[in-house]
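Chemist: After the structure tokens below, expect a handful of questions from me.
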Amino acid sequence: MSSVIGGEFAIAADKAINATLPDDKWHMLPADGYFSSGRAALFAILSSIGEQEVTLLLPAYLCSSVTQTVRDAGWRYQFYDVQPDLYPDVSCLLVQLRQKQARAVLLINYFGLLRLDDVVAAIRRECPQVAIILDDVQHFFGFGQEPDFDFCFTSLRKWLPVPDGGLVKLGKRCCDTSLPAYDETLPFTAYKLAGNLLKSFPQLIPDDLCLELLKRGEELLDEQYRGGLSCATELLLRSIDIQKVARRRQANAAVLHRGLEKLGIAHGYQTDAVPLFVPIFLAPEQRDTVRRAFFQEQNICPVHWPKAEAGLSGNSEIYATELSLICDQRYGEQDMERQLAVLRDRVDL
């Protein structure tokens, strides 16, 4: 049987045991705030603005955890359209910002593939009173590099073998902003860490047991997400070669890109980007069939995102067409070719 491609990261036990942490709480990743997750980071940002019952404009294509966090912070939200190329329609967005008298706007850098400089510049020029929040959860390797944002946040768990982690950077206009301090390590972290550690022993530990721990961790995260970055993650970061991770992801994405071009399958790719996944776009009637074929080949390709119930997410058609090909640092060229082989066999070209 072929090895599984996808799923959560395994954490090597020796990495956790041998890491050491100085008294000054050394951090590999510079930021202005350290939190338990991306949603904790977003909640801290909205809380730091210090207003409630004001409107945040959100893209119509997003994870439902974002809207839940916005509601938890006491904010209202409205959606703006996302185009098939994953960029906002800037003209329409500016009109909405004025009509809705929005206090802030959230921009998502999908899969780490967008260049949002011009979007940010247009908002700053036309609506200078609006706070610009960049969601770089899918853009970890470009975190906070866009100019002239007010707040930017990212997450670690989707990129690296760590049990938790969310980071915030402050822009020039907000450099004196005081972010809430969440020092508590939350219960979900222990379950995530346990499940990730046990995944390192596939010959000894049934996968079902690992999945139960990880599932319980997700349930606890949904119940309580406002916490701080754990010492476990700080320790584990010491053992990770971040630049090696970036190089492997770029190399894998390049293999997928070349194969997808030959197959004529629409997809997102930028030569100099370090992507979270390589998104492909299929006809709605074909996407789920192809995904089931991937699962049969032990390839756990996710979709971004499962469409939430009405009112929790926008109405973008991308929900029904996107499928994420895996390109992370655990895999190499042979694994990328396995994914392309499924597409050759199952997609009507």
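Chemist: How about segment 112-125: which of its residues are surrounded by fewer than 15 Cβ atoms within 10 Å (Cβ to Cβ), more than 18 Å from A273 (Cα to Cα) and of a type outside the set (A, V, I, L, M)?
Modeler: Hit for segment 112-125 is R125, nothing else.
Chemist: Answer yes if at least one residue in segment 116-138 is of a type outside the set (A, V, I, L, M), in contact (Cβ under 8 Å) with a residue 60 or more places away in the chain, out of contact with any Asp or Glu (no Cβ under 8 Å at 6 or more places or on another chain) and in a loop (DSSP other than H, G, I, E, B), and no otherwise.
Modeler: Checked segment 116-138: at least one residue is of a type outside the set (A, V, I, L, M), in contact (Cβ under 8 Å) with a residue 60 or more places away in the chain, out of contact with any Asp or Glu (no Cβ under 8 Å at 6 or more places or on another chain) and in a loop (DSSP other than H, G, I, E, B).
Chemist: Please identify the pairs in which a residue from segment 328-349 that is within 28 Å of H139 (Cα to Cα) has its Cβ atom under 9 Å from the Cβ atom of a residue that is among the polar types (S, T, N, Q) and part of a helix (DSSP H, G or I), counting only partners at least 6 apart or on another chain.
Modeler: Note: pairs meeting the criteria are D328/N252; Q329/N252; Y331/N252; G332/N252; E333/N252; D335/N252; M336/N252; V342/Q296.
Chemist: Further, regarding this structure: Return a yes/no flag: does segment 89-102 have any residue that is of a type in the set (K, R), over 22 Å from Y269 (Cβ atoms) and out of contact with any strand residue (DSSP E or B) (no Cβ under 8 Å at 6 or more places or on another chain).
Modeler: Scanning segment 89-102 turns up at least one residue that is of a type in the set (K, R), over 22 Å from Y269 (Cβ atoms) and out of contact with any strand residue (DSSP E or B) (no Cβ under 8 Å at 6 or more places or on another chain).
Chemist: Still on this structure: Y225 fails exactly one of the following numbered conditions: (1) in contact (Cβ under 8 Å) with a residue 24 or more places away in the chain; (2) part of a helix (DSSP H, G or I); (3) over 22 Å from I318 (Cα atoms). What is the number of that condition?
Modeler: In the conditions (1) in contact (Cβ under 8 Å) with a residue 24 or more places away in the chain; (2) part of a helix (DSSP H, G or I); (3) over 22 Å from I318 (Cα atoms), Y225 misses (2) alone.
Chemist: Spot the failing condition for K172; the list is (1) more than 16 Å from the chain's Cα centre (by Cα); (2) over 27 Å from Q270 (Cα atoms); (3) among the charged types (D, E, K, R); (4) surrounded by 17 or more Cβ atoms within 10 Å (Cβ to Cβ), and only one is missed.
Modeler: If we test K172 against (1) more than 16 Å from the chain's Cα centre (by Cα); (2) over 27 Å from Q270 (Cα atoms); (3) among the charged types (D, E, K, R); (4) surrounded by 17 or more Cβ atoms within 10 Å (Cβ to Cβ), just (4) comes out false.
Chemist: Looking at L97, is it over 24 Å from the mean Cα position of the chain (by Cα), not polar (S, T, N, Q) and not assigned by TED's automatic domain parsing to the domain that holds Q270? Quick ask: steps written out before the conclusion?
Modeler: Values: over 24 Å from the mean Cα position of the chain (by Cα): yes; not polar (S, T, N, Q): yes; not assigned by TED's automatic domain parsing to the domain that holds Q270: yes.
Judged against the criteria, L97 is a match.
Chemist: Of everything in segment 11-26 that's in contact with a helix residue (DSSP H, G or I) (Cβ under 7 Å, 6 or more places away or on another chain) and at pLDDT below 80, which residue is surrounded by the most Cβ atoms within 10 Å (Cβ to Cβ)?
Modeler: That would be A16.
Chemist: On to the next question. State all residues of segment 175-195 that are touching a Cys at 6+ places or on another chain (Cβ under 8 Å) and either crowded, with 21+ Cβ neighbours inside 10 Å or not in a loop (DSSP other than H, G, I, E, B) (or both); if no residue qualifies, say none.
Modeler: G195, the sole residue that qualifies.
Chemist: Follow-up. Picking from S91, S65, which residue would you name as being part of a helix (DSSP H, G or I), of a type outside the set (D, E, K, R) and under 19 Å from E223 (Cα atoms)?
Modeler: None of the others qualify; the one that does is S65.
Chemist: Could you look through segment 141-155, keep only residues that are under 12 Å from the mean Cα position of the chain (by Cα) and buried (at least 24 other Cβ atoms within 10 Å of the Cβ), and pick out the one that is farthest from A31 (Cα to Cα)?
Modeler: Step by step, filter segment 141-155, then rank; the result is S155.
Chemist: Tell me, yes or no, whether segment 193-214 has at least one residue that is at pLDDT 95 or above and among the aromatic types (F, W, Y).
Modeler: No, every residue in segment 193-214 fails to be at pLDDT 95 or above and among the aromatic types (F, W, Y).
Chemist: Of A232, A293, A246, which residue is among the hydrophobic types (A, V, I, L, M, F, W, C), touching a strand residue (DSSP E or B) at 6+ places or on another chain (Cβ under 9 Å) and in a helix (DSSP H, G or I)?
Modeler: A293
Chemist: Going by the structure shown, is V255 within 21 Å of P161 (Cβ to Cβ), touching a residue at least 60 places away in the same chain (Cβ under 8 Å) and of a type in the set (A, V, I, L, M)?
Modeler: Answer is no for this residue.
Chemist: A further question on this structure: Hey, Y269 hits all of (1) part of a helix (DSSP H, G or I); (2) aromatic (F, W, Y); (3) out of contact with any Ser or Thr (no Cβ under 8 Å at 6 or more places or on another chain); (4) closer than 30 Å to L56 by Cα but one; which does it fall short on?
Modeler: (1)
Chemist: Sticking with this one: For residues that are among the charged types (D, E, K, R), over 15 Å from S155 (Cα atoms) and at pLDDT below 95, scanning just segment 224-261, find the one that is nearest to the chain's Cα centre (by Cα).
Modeler: So, considering only residues that are among the charged types (D, E, K, R), over 15 Å from S155 (Cα atoms) and at pLDDT below 95, the one nearest to the chain's Cα centre (by Cα) is D241.
Chemist: Can you confirm whether segment 315-327 contains a residue that is of a type in the set (D, E) and in contact with a helix residue (DSSP H, G or I) (Cβ under 6 Å, 6 or more places away or on another chain)?
Modeler: Taking every residue of segment 315-327 in turn, none turns out to be of a type in the set (D, E) and in contact with a helix residue (DSSP H, G or I) (Cβ under 6 Å, 6 or more places away or on another chain).
The values are calculated or read from the model by the stated rules, or taken from the named source; none is laboratory data. These numbers come from a predicted model, not from an experiment. As a convention, Cβ positions derive from the backbone with ideal geometry for all residues, glycine included, and neighbour counts pool all protein chains shown.
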